[in-house]
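The values are calculated or read from the model by the stated rules, or taken from the named source; none is laboratory data. Only a predicted model underlies this, so the values are computations on that prediction, with no experimental measurement involved. For accessibility, only protein heavy atoms count, side chains too; no ligands or nucleic acids. Shrake-Rupley method; radii C 1.70, N 1.55, O 1.52, S 1.80 Å.
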Amino acid sequence: MTGSEAASQIEYYARALRAPRISEAFRRLGDQARDAGWSHEEYLAAVLSKEVSEREASGAALRIKAARFPGHKTLEDFNFDHQPSADRNLIAHLGTSVFLTEAKNVVLLGPPGTGKTHLAVGIGIKAAKAGHRVLFDTATGWVTRLQEAHSRGKLAAELIRLRRYSLLIVDEVGYIPFDQDAANLFFQLVSSRYEHASLIMTSNLPFARWGDVFGDLTIASAMIDRIVHHADVISLKGNSYRLKQHQPAATTAH
């Protein structure tokens with residue numbers, strides 16, 4: 001078999017396997033293998049590694065897009081100097097996504113502008129890159145989704161479908177109070193994931209104020225109990241980083 005015939009066969013096999021990166025990589029890696037004296041096994045491993053790494057990167061990009069994050073905020077970009085109350089080691093551990101395999105939750109509490117959403121999205125992006133399905137929305141957005149499912153008589157099916165996501169991120173709990181029906185729906189979302197799948201929640205209010213949000217201290221207490229039973233709770237402090245960035249520079253009097 002000539003070299004061109006072998007190349008044609010490799011291209012055919014790559015199409016049949018739906019592995020287009022093999023077609024793109026085998027010639028270049030073949031030249032590199034000959035120059036470096038690779039064994040056949042080393043060459044094959046290099047070609048397959050290229051396909052797998054590109055496929056994983058493509059899958060991660062699709063999962064990140066499907067998660068509907070409000071922006072691309074990474075843990076690497078987080079300003080720990082402005083937020084020293086954030087435990088770097090704990091955040092790094094959460095970035096490994098191990099907590100998802102344990103169905104643990106993460107709760108980020110603190111005033112507006114202290115980095116809660118940034119950390120939630122950053123952890124979510126790490127999870128998506130690690131192969132997990134993630135979905136992001138605000139607390140009111142989640143309630144709207146559940147209300148629509150309930151109105152169609154599909155609430156139970158929707159909660160089951162959402163359990164297929166390793167991670168749901170619930171942003172801005174407490175910014176808008178819920179009525180009784182909304183509070184009950186939110187409680188069902190939390191309960192459906194308890195010890196089955198993970199939540200990341202952000203709130204500008206301490207747990208002691210959640211009764212005001214949900215209009216019922218009993219519901220709030222039962223919900224908090226389920227959330228924090230297996231959870232890392234991170235309290236962020238300080239002034240808004242966004243406001244600090246937009247403060248006018250001090251002028252010197254003459």
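For the reader, a short list of remarks on this structure follows.
- Mean separation of Cα contacts under 8 Å, 6 or more apart, over the residue count of the chain: relative contact order %: 23
- The fraction of all Cα pairs in the chain landing in successive 5 Å bins from 0 to the largest distance is 1, 6, 11, 14, 14, 12, 9, 7, 6, 6, 6, 4, 3, 1, 1, 0, 0, 0, given as whole percents.
- Using alpha-carbon coordinates, inclination of helix 139-151 to the longest axis of the chain, degrees: 90
- Degrees, to the nearest 10: 217-229 long Cα axis against longest axis of the chain: 30
- Accessible area in square angstrom per residue, the chain, 1.4 angstrom probe: 56
- Chain lengthening between I176 and E54 when straightened (0.36 nm per residue, less Cα-Cα): 39.7 nm
- Carbon plus sulfur fraction of accessible area for segment 49-204, probe 1.4 Å, in percent: 51
- Counting only lysines at least 8 places from K73 when in the same chain, those with an alpha carbon closer than 23 Å to its own are K65, K104, K116, K126, K129, K237, K244.
- Percent of Cα pairs exceeding the 17 Å cut-off, where the set is segment 41-105: 65
- Both radii were evaluated on the Cα set of segment 98-151; the Rg over Rh quotient, with Rh as the Kirkwood radius, amounts to 1.02.
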